[in-house]
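A short write-up of the structure that comes next.
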């Protein structure tokens, strides 16, 4: 039997109760990405049959990892460990992040080390309730002020990068958007080239956000982002790595 070709691109999807979105998203990824591909679904003990739908695909390009714990950053971290592609990508599984934009991001890796899907770069639109848009813009403004750099969307969570980036940058396996802010900051400090690709971001039409399910959690998560931004800068001033 001829062995399957090594994937060029690994796409990581972190899921929790995404039965309405997971199959359409996988279908779009496999149809539109022309490079050899693996899709790693890290499922955090979904109760709606998400994992069973993935198993039912019986597609060798799709790898399912089932966990009994929950956590967005830790799910992506686990997917990165299991991935084999030279290009690694991750995105939300709720279809709010377009596959067409991901393809543009992968192409931009010809000229940069990381390509970020950005709500605030030219061509980007953040089409969510006003409070969420305002708070996200505020957090990103604080990040640019405190951490520096030219990145407009520090908490994007939508990225394609070369595997070699992890020779210089570590992804912390806890929290929600904090991990992304730290990764972007570390990449900037290490002199890695970052491109942003603007895209239209809309709030999920169905289900509940995994990271911010209610207003109380929304404000708690935002405070964690701000705390992380300030501690990153303090660590740098003290000479930390």
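The values are calculated or read from the model by the stated rules, or taken from the named source; none is laboratory data. In this text, all values refer to a predicted model and were calculated from it rather than measured experimentally. Positions of Cβ are backbone-derived with ideal geometry, glycine not excepted, and every protein chain shown enters the neighbour counts.
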Q. Among the residues of region 64-119, how many are under 20 Å from residue 162 (Cα atoms) and more than 14 Å from the chain's Cα centre (by Cα)?
A. 16
Q: Six or more apart or on different chains, Cβ under 6 Å: which pairs go from a residue in region 163-178 that's on the phi < 0 side of the Ramachandran plot and without any contact (Cβ under 8 Å) to a residue 24 or more places away in the chain to one that's surrounded by 18 or more Cβ atoms within 10 Å (Cβ to Cβ) and not in a loop (DSSP other than H, G, I, E, B)? Could you list them?
A: 169/183; 169/186; 169/187
Q. Counting just the residues of region 33-45 that are in contact (Cβ under 8 Å) with a residue 24 or more places away in the chain and more than 19 Å from the chain's Cα centre (by Cα), which one comes out nearest to residue 107 (Cα to Cα)?
A. 35
Q: Report whether or not residue 169 is modelled with pLDDT of 90 or more, closer than 24 Å to residue 80 by Cβ, under 18 Å from the mean Cα position of the chain (by Cα) and not in a loop (DSSP other than H, G, I, E, B).
A: no
Q) Looking at this structure, is residue 15 within 12 Å of residue 92 (Cα to Cα) and surrounded by 23 or more Cβ atoms within 10 Å (Cβ to Cβ)? A) yes
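So if I check each of 159, 133, which one is touching a strand residue (DSSP E or B) at 6+ places or on another chain (Cβ under 9 Å) and either crowded, with 22+ Cβ neighbours inside 10 Å or modelled with pLDDT of 95 or more (or both)?
On the way: 133 fails: either crowded, with 22+ Cβ neighbours inside 10 Å or modelled with pLDDT of 95 or more (or both).
It is 159.
Given 218, 227, which one is farther than 29 Å from residue 81 by Cβ, over 15 Å from the mean Cα position of the chain (by Cα) and at pLDDT below 90?
Working: 227 fails: farther than 29 Å from residue 81 by Cβ.
None of the others qualify; the one that does is 218.
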Q | Lone qualifier among 198, 240 - being at pLDDT 70 or above and either within 18 Å of the chain's Cα centre (by Cα) or farther than 29 Å from residue 108 by Cα (or both) | A | 198
Q: Check residue 55 against each of (1) in a helix (DSSP H, G or I); (2) surrounded by fewer than 16 Cβ atoms within 10 Å (Cβ to Cβ); (3) touching a residue at least 60 places away in the same chain (Cβ under 8 Å); (4) touching a strand residue (DSSP E or B) at 6+ places or on another chain (Cβ under 9 Å) and name the one condition it does not meet.
A: (3)
